[in-house]
Every structure is written in C-alpha cells, then in structure tokens.
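Novice: Take this structure first; my questions come after.
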Amino acid sequence: MGVIKQGILGGFKGKTGTVVGSTWRGISYMRGLPINIHNPNTEAQQLQRAKFGLVMKTLRPMTPLINIGFRKYAVQMTCRNAALRHNIRACITGTTAENVCVNWELLSFSLGTLTNVDDARAVYDEATDSFHFSWTNNAGKAEARNNDNALLLMYNVTQQDTLYVSEGVHREDGGIPVARPRHWKNGDQCQAYIAFTSPDYDTVSNSRWLGEVIVG
C-alpha cells in the first residue's frame, strides 16, 4: 500500500494500484508496474533484438563522425542513439533474426541540409597502399562553400573497424589519399562514405555511400 506523507498533493511511497511511488535525491516520482509479458521471446521480439544488435555493432566504430553528423537530432538522447533509431528504420533488411543484414547504400552517419557532392568516388590504390577519395568541387551550389570540411569514412566490414577524416580536408581540395591501417588485410571488404560540414560544424550534409572497396 502506498503512503502519502504530505496530503493529496504530496509525493507518495509504495505501490498504489498499477503505479509505484518513490523519491530520488529529494524528488518524488512515479513509475508504472512492469507489464507481465507471457512470452518475451516471440519471433517479432527476436527480430527487433537482432536489428538493434546489428546496428549497434555497426555504428560503434563510427561514433566520432556520428557525434558530428547527428548532433541536430540528439534531442533528449545521445547522437549515437539518434543514429541508431534512424538506421534501424532505414538500412536494416531481413524478416527473421537469422537473416537481418545492413543495406550499406542506405546507412547514414550524417543527416542534414548542407549540399553534398554529386560525383565522389573512393578506390584502393595498391601503388601507395592507400584509399583515395576524390570529388568535384561544387562550391557555390546552394549552401556549398570552398571551406566546408569533408567527412570521409571507410568502414571495414570484415574487421568492424573504421578509417575516417573529420578535419583538415575541404570541399575545394577535391580529394585526398588516406593510408591503409597496417592491420587491415588484403581482401578486407570495405564500404566508403562522404559528407560535408560547415567550418563551424553547425550544418552538415546527408552522408553518401560511395560503394564497396576491397583492400588489395
């Protein structure tokens, strides 16, 4: 039974009906009793858990870029949770827990209104043992400016690791080689992405998938 100590308008402690009253650091609050789930392991629940786990595992290495690209969507939540919510809906396919997978073309580490580029590409250059990102400078189109920062991401699917650039490269540069990490192996499957942010990191573009890149 709940006990009201300060009259009908005061907080209470204990269970009353379907709610429980308590206090935390002097603040009174109520919470509902948990719903009694007769079968907590339905196919739908297994599917949702599989989607959640796959997106969490995929996004974790991208956290520094997500903290830039999803900052405007992090309202009463972290940037990673905002990215998690979006990508579960946008890029995960599969109808059972056993066959969920990522649609890499629809994966996003950044969402925004800043203009991206139209003809970017990323390749592995064996001669320099590096990934080469390139694009045509489209400064002057809509909100695009020469000094916008390029956000470049190479996601190693095989090793669940990332190689990224978040500063020091600008739209006007038109491209940059990025050295391959030593522990990345020949044959590793990678996915490449590009986005842009204003110099003050206040405005970002949608990230764009550049395709699959195989190391070596």
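Each value in this text was obtained by applying a stated rule to the coordinates, not by laboratory testing. Bear in mind that the values here come from a model prediction, so they are computed numbers and not experimental data. Glycine gets a Cβ as well: all are built from the backbone with ideal geometry, and neighbour counts include every protein chain shown.
Novice: Starting from 0.36 nm per residue, how many nanometres of slack lie between residue 99 and residue 173 once their C-alpha separation is accounted for?
Specialist: Between residue 99 and residue 173, full extension yields 22.5 nm more.
Novice: Give me P(r) over the range 43-214, computed from all C-alpha to C-alpha distances, binned every 10 Å, as integer percentages.
Specialist: Going out from 0 Å in 10 Å bins, the range 43-214 shows 10, 38, 35, 15, 3, 0 percent.
Novice: Listed here are the pairs 51/141; 72/185; 141/185; 51/72; which of them are more than 31 Å apart at the Cα?
Specialist: 51/141; 72/185; 141/185
Novice: What length, rounded to one decimal in nm, is gained on full extension from residue 132 through to residue 22, with 0.36 nm per residue of separation minus their alpha-carbon distance?
Specialist: 33.8 nm
Novice: Using a Förster distance of 22 angstrom, determine the FRET efficiency expected from the C-beta separation of residue 119 and residue 142, and round it to 0.05.
Specialist: 0.90
Novice: Just grab the label-to-label distance for residue 90 and residue 160, each label 7 Å out from Cα along the Cβ direction, in nm (one decimal).
Specialist: 2.2 nm
Novice: Roughly speaking, what is the stretch gain from residue 49 to residue 212, that is 0.36 nm per residue apart minus the C-alpha to C-alpha distance, in nm to one decimal?
Specialist: 56.0 nm
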